[in-house]
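Shown next, in structure tokens, is the structure this report addresses.
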Amino acid sequence: MLKKIAVLLEMIKFKLTIFAMPFAFMGAFLAARGVPEPMTFLWVVLAMVGARTCAMGFNRIVDARFDKANPRTAERAIPSGAVNMREAWAMVILAGILFFFAAWSLNSLTLKLAPFALGLTLFYSLTKRFTSFCHLILGIALAFSPLGGWVAVQGSLVSFPWALSAGVLFWVAGFDTVYACLDAEFDRKAGLHSLPSRIGARNAFRLARVFHILAFVLFTLVGIQAGLNSFYFIGIVLTAGALFYQHWIVNPNDLSKIQVSFFSTNGFISLALFIATWLSLLTEKT
């Protein structure tokens, strides 16, 4: 059982929950102007775990035949037979139940928004079949993370810093566009859509830079709108450095370091912004 759970968690790259979770915390901490109540914090964590597990499991299920045909992904759990469809669906359903139960445990507005948030993350998995703007749709789905954290604490959307969700949207769209370059050739042959497969890797990289510049501007605007102090803007400087490094070490002619770019630097960015927000809110009370 433990081995099977480990395989399932690896299948959905559970450790990458770190991408979206800090932004949910940012929304919650900004709404509370500090650390939220312990039970609220716990339900936010469980809601994020449930939503991401459900969405990633669904993605692996609906993309199983493409993963099997793609040499880069053929060894994933479902194509390789390490996980069967019944097990994958069980995980998706249980994770979905956890998400809705956590949303119900928070407040009525969180529960009302839950179907839209989860539905959009599930819908994303189908978008490569008909649009090259799938990366932006993924960005919109993850943009619900800070919004969900805010609503979990406040129970309303009043004063929500929308620049935060917009920043997440373009940050995600940027790194997902770069990551999609790994499968550009396969996507073209399989009839799937992505920006790299449509406009080429070089133009996709240029567009990703534009997305990341927009994300940086919007994240900076969050600090101004929320009245955060210098600790937050130190996080902004670190974010700028990480974004620059990400585009410096990977280019259209050399994708060999894309795993470092995708996993390490983006995890650093989300954590840096959350910690900077937390420190800013902490020090404004001292």
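Where a number appears in this text, it was derived from the coordinates with a stated rule and is not lab data. Given the structure is predicted, the values throughout are model-derived calculations rather than measurements. For neighbour counting, all protein chains shown are included, and Cβ atoms are generated from backbone atoms with ideal geometry for every residue, glycine included.
Longest span of the chain, sites excluded, free of trypsin sites (Lys or Arg not before Pro) in DSSP loop with at most 10 other C-beta atoms within 10 Å? Counting at most 10 other Cβ atoms within 10 Å as exposed, the longest clean stretch of the chain is 73-284. Each of A180, F29, I97 was scored by the projection of its Cα onto the charge dipole of the chain, and the greatest displacement toward the positive side belongs to A180; charges sit on the C-beta of Lys, Arg, Asp and Glu.
In this structure the amide hydrogen of R129, modeled in the peptide plane, comes within under 5 Å of the amide hydrogens of H193, none closer than 5 places in sequence on its chain. Given the C-alpha centroids of the stretch 43-86 and the stretch 113-139, what is the distance between them in whole angstrom? Going from one Cα centre to the other spans 15 Å. Can you work out the PRE-style zone for L221? Point 7 Å along Cα to Cβ, and I want the residues of the stretch 137-163 with backbone N under 13 Å. 161-163, by backbone N distance to the label point. Charge dipole (Cα centre; +1 on Lys/Arg Cβ, -1 on Asp/Glu Cβ; no other charges) of the stretch 72-145 amounts to roughly 160 debye. A simple rule links phi to the HN-Hα coupling: the Karplus curve 6.51 cos²θ - 1.76 cosθ + 1.60 with θ = phi - 60°, which for the stretch 238-252 gives 5, 4, 4, x, 5, 5, 4, 4, 4, 7, 7, 7, 10, 9, x Hz, with x for Gly and Pro. Could you give the distance between the Cα centres of the stretch 147-173 and the stretch 222-284, to the whole Å? Rounded to whole Å, the Cα centres lie 17 Å apart.
Applying a DSSP loop filter and a limit of 13 other Cβ atoms within 10 Å to the chymotrypsin sites (Phe, Trp or Tyr not before Pro) in the stretch 245-286 leaves nothing. Once the Cα-Cα distance is subtracted from the 0.36 nm per residue extended length, the I213 to V45 segment shows a gain of 57.6 nm. If only the Cβ of Lys and Arg carry +1 and only the Cβ of Asp and Glu carry -1, the dipole of the chain around its Cα centre is close to 500 debye. You can think of it this way: the chain between V62 and I249 has 64.1 nm of extra reach, that is 0.36 nm per residue less the Cα-Cα gap. In loop segments of the stretch 110-140 as defined by DSSP, the chymotrypsin sites (Phe, Trp or Tyr not before Pro) with at most 13 further C-beta atoms inside 10 Å of their C-beta are F130.
Full extension of the chain segment joining A240 with M85 gains 51.6 nm, where the gain is 0.36 nm per residue of separation less the Cα-Cα distance. When shorter helices are ignored and each DSSP H run of at least 4 residues is given -39500 (n - 2.57), the per-residue value for the chain at 222 nm works out to -24000 deg cm²/dmol. The phi torsions of the stretch 123-139, fed into the Karplus equation with coefficients 6.51, -1.76 and 1.60 and a -60° offset, translate into couplings of 4, 3, 4, 9, 6, 5, 7, 9, 8, 7, 8, 4, 5, 5, 5, 4, x Hz, rounded to whole numbers, with Gly and Pro shown as x. The modelled label-to-label distance for the pair F101/W162, using points 7 Å beyond Cα in the direction of Cβ, is 3.6 nm. Pairs of C-alpha atoms in the chain farther apart than 33 Å represent 21 percent of all such pairs.
Taking GluC sites (Glu not before Pro) in DSSP loop states with no more than 13 other Cβ atoms inside 10 Å as exposed sites, the chain has its longest site-free stretch at 76-283.
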